[in-house]
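Participant: One structure follows; several queries about it will come next.
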Ligand code: SF4
């Protein structure tokens, strides 16, 4: 097990694009939930005896910063008891700028959280409003400034492009402000309109004025150019960072390695099984408190599926997929399994070979999903 993902499914506001497993914080059994999370971590570590391989702990959501100071402290203290070396690993917490008060930052730092991933999305107030985000730019600046002042400088912010009514100029301005904060890492995602979201309903009614594909592709090209010019090098389709600041946690996913998923609706990959936990909060709590775990479904990944995943996930990274690692892992060469697809994509300029690696060249990264779908074996 290389990583532990811990899901905190509470939010004080629900964003219009979000399809994560989350609920409004109010009136939820938050304390019971946190107790259950700690029980599930303990059980998972006991059952999978390889914590010495751990490289990362990640608190995601929902929003971990939706918790009160006391709840956050209790959770972090509990994690430290179960994973005593957490502070020497990459230990990330997601955060919303409006909730990231000085006291919460002090608590995160006190227990050893050493990386922040902040949901900023945009620096245009009218776009934030459209997204259903409630924070203000000033809160982003203040939180980052205070975090840096207490030594929490490994900070990443999430940005979004392809937003309703967003212009190229606005996207450029958001990137300029983001880069002026001089952070070591940035993530930038294009808006996906997912079912069961406010945006989905608007989209179906024809009331979501999205930029067209061409403009979105230009925004992505501008993103790659801005980041490169500012020495935040792209290492994954949506991620950019200085040399030693690439996300270890996400790299575990992209390298097709094992991790535990803890919490309601969390997904994990352990002992060759991909699994997902029960989603509804109360049912999750009941299951953990009666059986110590809350697994809803498991799927033993076949060799064929694992080879497909090695390509889908590995090609997300700019370095691509190592031919040597593939043949060591699967005792068959990548050329033998995917040779025809690789040749076809290479001839079309959608894949390139760099030494031992095959990778997606910059100009084809915008259509990466189409390229991934070519590696389905059946
Ligand atoms: S995007 Fe984050 S803060 Fe917004 S509703 Fe989803 S989980 Fe909550």
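Participant: Arrange the following residues from fewest to most other Cβ atoms within 10 Å of their Cβ: 235, 284.
Facilitator: Ranking 235, 284 by Cβ neighbours within 10 Å, fewest first, gives 235, 284.
Participant: Determine the shape class of region 311-354: with a ≥ b ≥ c the square roots of the Cα gyration tensor eigenvalues, call it rounded for a/c under 1.5, and otherwise prolate if a/b is greater than b/c, oblate otherwise.
Facilitator: The shape class here is oblate.
Participant: Of 225, 172, 324, which is the most mobile in a GNM of the chain whose springs link Cα atoms less than 10 angstrom apart?
Facilitator: Of 225, 172, 324, the Gaussian network model singles out 324 as fluctuating most.
Participant: Springs between alpha-carbon atoms under 10 Å, Gaussian network over the chain: tell me which of 291, 318, 174 tops the mean-square fluctuations.
Facilitator: Of 291, 318, 174, the most mobile in the Gaussian network model is 291.
Participant: Among 19, 344, 158, whose mean-square fluctuation peaks in a Gaussian network model of the chain (Cα, cutoff 10 Å)?
Facilitator: 344
Participant: Let me make sure I get this right: for region 182-259, a, b and c are the square roots of the gyration tensor eigenvalues over alpha carbons, sorted descending. Under 1.5 in a/c it's rounded, otherwise prolate if a/b > b/c, else oblate. Which is it?
Facilitator: Because a/c hits 1.5 or more and a/b fails to exceed b/c, region 182-259 counts as oblate.
Participant: While we're here: Apply the a/c threshold of 1.5 to the C-alpha gyration tensor of region 236-378 and tell me whether it is rounded, prolate or oblate.
Facilitator: prolate
Participant: Something else now. Taking every DSSP beta bridge that has both residues in the chain, what percent is antiparallel when rounded to the nearest 5?
Facilitator: DSSP beta bridges in the chain are roughly 40 percent antiparallel.
Participant: May I pose another question? For region 7-39 and region 114-167, what is the separation of their Cα centres, given in Å?
Facilitator: Computed from Cα coordinates, the inter-centre distance equals 20 Å.
Participant: Still on this model: What percent do you get for the relative contact order of region 319-373 when only Cα pairs under 8 Å and 6+ apart count?
Facilitator: For region 319-373, the relative contact order is 36 percent.
Participant: Would you mind calculating the relative contact order of the chain from Cα pairs under 8 angstrom and at least 6 residues apart, reporting the percent as a whole number?
Facilitator: Computed value for the chain: 16 percent relative contact order.
No value in this document is a laboratory result; all are computed from the given coordinates. In this text, all values refer to a predicted model and were calculated from it rather than measured experimentally. Cβ: placed from backbone, ideal geometry, glycine included. Neighbour counts: every protein chain shown.
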